[in-house]
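Here's the structure we're looking at; comments come further down.
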Amino acid sequence: MADSQQGGSLLSGLRVIECSMLGPGAVSTPLADLGADVIKVEPPSGDYIRSMSWPIVEGASLLHLHISRGKRSVVLDLATDAGRGLFLELVRVSDAVVEAMRPGGLARRGLGYEQLHDVNPRIVMVTVSGYGMTGPYRDLPSHGIAYDAWAGSVAPAPGPEGMPSIPDHTSIGITAGPLFGTAALLAGVLRARQTGAGCHLEVAQSDAAAAFDWLRSEGHRAYQRPDSEVTGNPTDGYERRRPGTAGMAEGVRYQFYESSDGHVLFMASERKFWKNFCAAIGRDDLYDAKPGEKLADHARGDLALRRELGAIFGTRSTAEWVELGLEHDVPIGPVNSPADIGNDPQFVDRIPWQPADRLVADQLPFPVRVVGEAPPAAATPAPAVGEHTEKVLYEVLGYDADHIAELAETGAFGARAAH
């Protein structure tokens, strides 16, 4: 049941069958958060996501607790005729199937898109994999950081004895890939409901990592063209700067500064914001001496001004600078870490922790909400292996206890269930 910290069910009426291993199962996590019925079909041994990565909370990995929240688990042995038959029966009454593993995993079990389409022409299948269904890397085994390294968004850092090491970084591919898949799934379902025709969609987490980091890669690509065609901006005299945020390293009016208790990000690259800031701190002389250009002027390379601003920002706390920004219309933002962001008042107001007493571990909610409602979030914790098998067969397929018992004897739920 929804509570005061949990928004409504925007996707009530959408049913998704998920076959996933590890992180790519995140493609259906937002759907479950938004109220869809996501049925995670697992082999008798279960998805080993429960033991993968860290931390382990009450016996299950946070990876599982987050990605599998709000879903129902059904165990089917897809190596058996009975298990495959049950899978197709679930497909018959569903909107979409998620194949979140190496491409062709379901096809090798006789459950590829053609077989799914035969029982439900409206079915939308989404395959989420590491490197996609085509290309020379399609069969290359991989894990999450591989896609960020491939896309150029993370690079080796010096480690023990100068050996290369993996730095702390935001995992893009394993997050963006599933999200692109979520959007594609919903688009496919909308079209299927309009036309009656399903489709097979696929997304590679490597492709998604590159697409998410488009500004840098497209910037490098643009600068392969002649100087006469691609330049910098007018404020810099059209000088070509390094692509993406790398060109901000020498910025002054758009830069990090130390506060008395941490750091702030100062972003007065428009003249009006620079003027507001100088007036707010009683230093109109700074503005009069160097008003700068109207737009996109970072006072790049002005080390004297950077040193002076550094001394100024060190006189107040981060919270005091944010308050000044609010009062005087100056873009100054706090600099948080993953360890302390939960204490930020904006975090508390916008994305309150979904509590451990409901989801086993404190978790972030789905970050989009209906205006005036609490953020959507899963109502139930990540399931144990096969926790909902009988309930799903009863509620979704209408099977009674005797029929379910007969199926267990056939080995549809695995050898252990047949004895």
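Miscellaneous remarks
- Applying a threshold of 7 Å to beta carbon distances and a minimum spacing of six or more residues, or different chains, the list of pairs starting in region 46-57 at a residue that is at positive phi and ending at one that is in a loop (DSSP other than H, G, I, E, B) and modelled with pLDDT of 90 or more reads G46/V385.
- Residue in region 94-102 that is in contact with a helix residue (DSSP H, G or I) (Cβ under 9 Å, 6 or more places away or on another chain), among the hydroxyl-bearing types (S, T, Y) and either surrounded by 23 or more Cβ atoms within 10 Å (Cβ to Cβ) or within 20 Å of R15 (Cα to Cα) (or both) present: yes
- For region 343-369, the candidate set comprises residues that are assigned to a helix (DSSP H, G or I) and under 18 Å from the mean Cα position of the chain (by Cα); within that set, the residue that is farthest from G262 (Cα to Cα) is R350.
- Residue in region 391-403 that is in contact (Cβ under 8 Å) with a residue 40 or more places away in the chain, touching a Leu at 6+ places or on another chain (Cβ under 6 Å) and open to solvent by less than 40 Å² (accessible area, probe 1.4 Å) present: no
- Residues that are open to solvent by 20 Å² or more (accessible area, probe 1.4 Å), within 19 Å of T175 (Cβ to Cβ) and in contact (Cβ under 8 Å) with a residue 60 or more places away in the chain occur in region 12-21; there is at least one.
Yes/no matrix, rows are residues, columns are (1) under 21 Å from R15 (Cβ atoms); (2) among the charged types (D, E, K, R); (3) open to solvent by 80 Å² or more (accessible area, probe 1.4 Å):
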residue	(1), (2), (3)
H169	no, no, no
I174	no, no, no
T182	yes, no, no
V189	yes, no, no
A209	no, no, no
D227	no, yes, yes
T231	no, no, no
G237	no, no, no
R240	no, yes, no
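- Taken over region 218-269, residues that are of a type outside the set (S, T, Y) and closer than 24 Å to G292 by Cα amount to 28.
- Checking the stated criteria, P121 turns out to be closer than 22 Å to R191 by Cβ and of a type outside the set (D, E, K, R).
- Region 278-323, residues that are buried (at least 18 other Cβ atoms within 10 Å of the Cβ), within 18 Å of D261 (Cβ to Cβ) and under 35 Å from the mean Cα position of the chain (by Cα): F313, T318, W321, V322
The values are calculated or read from the model by the stated rules, or taken from the named source; none is laboratory data. Note that the coordinates shown come from a computational prediction; the quantities given were computed from them, not determined experimentally. Glycine also receives a Cβ, built like all others from the backbone with ideal geometry; neighbour counts cover every protein chain displayed. Just so you know, the surface numbers come from the protein's heavy atoms only, side chains and all, with ligands and any DNA or RNA stripped out. Shrake-Rupley method; radii C 1.70, N 1.55, O 1.52, S 1.80 Å.
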